[in-house]
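Structure record follows, encoded as structure tokens.
The values are calculated or read from the model by the stated rules, or taken from the named source; none is laboratory data. Here the structure is a predicted model, which is why all the values come from computation and not from measurement. Side chains are part of the model used for accessible areas, which takes the heavy atoms of the whole protein and leaves out ligands, DNA and RNA. Shrake-Rupley method; radii C 1.70, N 1.55, O 1.52, S 1.80 Å.
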Amino acid sequence: MDKGPFSVEWLAQSSRGGARQVPGESRPCPPDSPREREAAERPGHGAVPGDAAPGRARTKFSAAQLQELERSFREQRYIGAGEKRRLAAVLNLSQSQIKTWFQNRRMKFKRQTQDAR
């Protein structure tokens, strides 16, 4: 089967982030934008469909961190700036990790209450 430009194989490779080829040439062309260059340099980029987006790894919370986060959530579902700073310092997490955990926990709570009905 033809592996030239615009063949099924070529389109599949280009959609996975593989090297693009200039039509009519056998060599891959360099990435155009800075974002494409950065993505091409990143290890594992586009390796397997369904993988998590490149960037920060998923945070694995310890049991003590989860216990403190859950305690704080039971007291108040929406966290204020002061409490967010305090929890971040006490739990050795970033404020954005605390904020994201609270957002995710509110969604979990919402699903649980809807399922209970």
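Couple of notes before you dig in:
Conditions (1) open to solvent by 60 Å² or more (accessible area, probe 1.4 Å); (2) part of a helix (DSSP H, G or I); (3) at pLDDT 65 or above, marked per residue:
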| site | (1), (2), (3) |
| --- | --- |
| P31 | no, no, no |
| P43 | yes, no, no |
| A47 | yes, no, no |
| K60 | yes, no, yes |
| R71 | yes, yes, yes |
| Y78 | yes, no, yes |
| K84 | no, yes, yes |
| L93 | no, no, yes |
| W101 | no, yes, yes |
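- Matching residues, the stretch 67-111, being of a type in the set (A, V, I, L, M, F, W, C) and farther than 21 Å from R56 by Cα: F73, I79, A81, V90, M107, F109
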